[in-house]
Amino acid sequence: MRVLLIGFGVVGQSFAELVDSEASALAQNYGLRPKIVGVVDSKGAVLSPNGIDLKKALTYKRESGSLERFGDGTYLRGRTGLDAIKEVDCEVVVEATPTDLKKGEPGLSHLKAAMKEGRHIVCTNKGPLAVAMPALIELASHNKIMFKFSGTVGGGTPVLDFAKKCLEGSQIRSISGILNGTTNYILSKMSSEGSRMKDALAEAQRLGYAEADPTYDVGGFDTACKLVIISNYVLGSSLSLGDVKVKGISDVATEDIERAKAKGQTVKLIGRMDKRPRVGPEEIPVTHPLNVSGTFNAFSFDTHPAGEITLVGKGAGGKETASSVIRDLIEIRRTFAR
Ligand SMILES: NC(=O)c1ccc[n+]([C@@H]2O[C@H](COP(=O)([O-])OP(=O)(O)OC[C@H]3O[C@@H](n4cnc5c(N)ncnc54)[C@H](OP(=O)(O)O)[C@@H]3O)[C@@H](O)[C@H]2O)c1
């Protein structure tokens, strides 16, 4: 399986590392032999039809922040993802560029171009899905390609396919969850140590859980984006980010958390899809299965007739998200290697 990798940051590098270190297990257990024939970052691309030496790619990128050391002929400065999609002969495009929730770019253009070229897609970037998920699913079906995006929700926790496949036969009446590890870390810290919001946020930034501009997480938009993806995928809705009522956690004070505690409750940022999609801080009982701490995510499905089913796992991380890319590749291989 020839793979073009667009985006060689935390997720892209972890994916390359897994492909390299797990090559024989993947081949033996799943018949999956991914050959990475192109790697694109923001400055250029390395293209090689016979497969790129992944150890070299990882070393060069980590040491110099660039793939230029591959040298003339193999490294193509200024070559973009769109160029590579047209030029490279491959079966699958893995899209792992940064998330942009306003226009979905550059991922949206990459996905559309790859679909038009008949490439299967594995995407970890939420941006294009937040902006245009229904249209992308239609375009994928029109072009008869597989469009997988397990890593966009839950990192390595297989929540999308868990709900879609393992809950088959049950009616899913509603979905609720803690979909963002950064805000959960902040609220957990405020609850367990009595920290103020600004101190807990500063700590999250110091540990690399929160960006310098934390609006995306703290404002609830990351949670909303994931709610859109899970709801469209699992419930068949046609939501975009604008359909979700969003309130972040910036107004939550230590006093609110203390008041909740006195009632046996805790405050969490919850994404909820029942009659309408919404995101906001809510009080839940401390005994509730969604009460997970630190950077964990939790997803709860109210099902008929099986009742409430909750899945808990790490919501992000390079290795974890790369493992979801591998899962998606295995499914693509299974579906098309007949
Ligand atoms: N990290 C996680 O735990 C995690 C978990 C789930 C989902 N995700 C999502 O997965 C995606 C990748 O995350 P990440 O953490 O790997 O991000 P990252 O570390 O910032 O890496 C992004 C990569 O994309 C490249 N890039 C930027 N603009 C590009 C363009 N126009 N064309 C081609 N490449 C471009 C960057 O190039 P340079 O190297 O040249 O800067 C970099 O290699 C994001 O959408 C993120 O939200 C991440």
Output row, site ASP274, 7 Å Cα→C-beta label point, backbone N cut-off 17 Å, window segment 141-182, residues 171-178
Mean separation of Cα contacts under 8 Å (at least 6 apart) over the residue count of segment 160-314, i.e. the relative contact order in percent, is 33
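For SER237 and LYS116, compute 0.36 nm times the residue count separating them, minus their Cα-Cα distance, and round to one decimal in nm. Write out the running numbers ahead of the final one.
Working: separation 121, 0.36 × 121 = 43.56 nm, distance 2.43 nm.
Extending this stretch completely gives an extra 41.1 nm.
With only alpha-carbon pairs counted, each pair once and no self-pairs, how large is the Kirkwood hydrodynamic radius of segment 160-314 in angstroms?
15.8
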With Rg from the Cα atoms and Rh as the Kirkwood inverse mean 1/r over Cα pairs, the chain has an Rg/Rh of 0.99
So THR335 and LYS43, fully extended at 0.36 nm per residue minus their Cα-Cα distance, gain in nm 101.7 nm
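Starting from 0.36 nm per residue, how many nanometres of slack lie between LYS103 and ASP256 once their C-alpha separation is accounted for?
Extra length available between LYS103 and ASP256 comes to 51.5 nm.
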Quick calc, LYS263 & HIS304: beta-carbon distance into FRET formula, R0 30 Å, rounding 0.05, result 0.50
Here, GLU22 and GLU211, labelled 7 Å along Cα→Cβ, have an inter-label distance in nm of 2.7
If every Lys and Arg gets +1 and every Asp and Glu gets -1 at its Cβ, then about the Cα centre the chain yields a dipole, in debye to the nearest 20, of 520
Spelling it out for SER174: with amide H atoms placed in the peptide plane at 1.01 Å from N, the residues 5 or more places away or on another chain with amide H under 5 Å from its amide H are ASP302
Toy charge model, Lys and Arg Cβ at +1, Asp and Glu Cβ at -1: segment 1-151 dipole around Cα centroid in debye, rounded to 20, equals 160
Straight-line reach check, LYS275, cutoff 20 Å on alpha carbons, 8 or more apart in-chain or any other chain, hits among aspartates and glutamates -> ASP243, GLU283, ASP302, GLU308
For segment 160-314, the dipole about the Cα centre with charges only on Cβ (Lys and Arg +1, Asp and Glu -1), to the nearest 20 debye, works out at 260
Per-residue ellipticity at 222 nm attributable to helices in the chain (runs of n ≥ 4 DSSP H, -39500 (n - 2.57) apiece, nearest 500 deg cm²/dmol) works out to -11500 deg cm²/dmol
In order over segment 94-108: 3J(HN,Hα) from phi, Karplus 6.51/-1.76/1.60, θ = phi - 60°, whole Hz, x for each Gly or Pro, gives 9, 9, 9, 8, x, 7, 10, 7, 7, 10, x, 9, x, x, 4
Once the dipole of the chain is set up from charges on Cβ (+1 Lys and Arg, -1 Asp and Glu), the residue from the list ILE137, ALA306, PHE70 lying farthest towards its positive end is ILE137
Within the chain, the percent of DSSP beta bridges that are antiparallel, given to the nearest 5, stands at 65
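Past the 26 Å Cα-Cα mark, which pairs from LYS226/LYS319; LYS226/LYS263; LYS189/LYS247; LYS103/LYS148; LYS35/LYS116; LYS148/LYS319?
The pairs that break the limit, which is 26 Å between Cα atoms, are LYS226/LYS263.
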Scoring the chain by relative contact order with C-alpha pairs under 8 Å, at least six apart, yields a percentage of 19
Along principal axes, largest first, the alpha-carbon spread of segment 89-153 in whole Å comes out as 28, 20, 19
Taking N as the residue count of segment 147-247, its alpha carbon Rg divided by 2.2 N^0.38 Å gives 1.21
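Every number in this text was worked out from the coordinates using simple rules, so none of it is lab data. Since we're looking at a predicted model, the values are computed, not measured. Backbone-built Cβ (ideal geometry, glycine too); neighbour counts: all protein chains shown.
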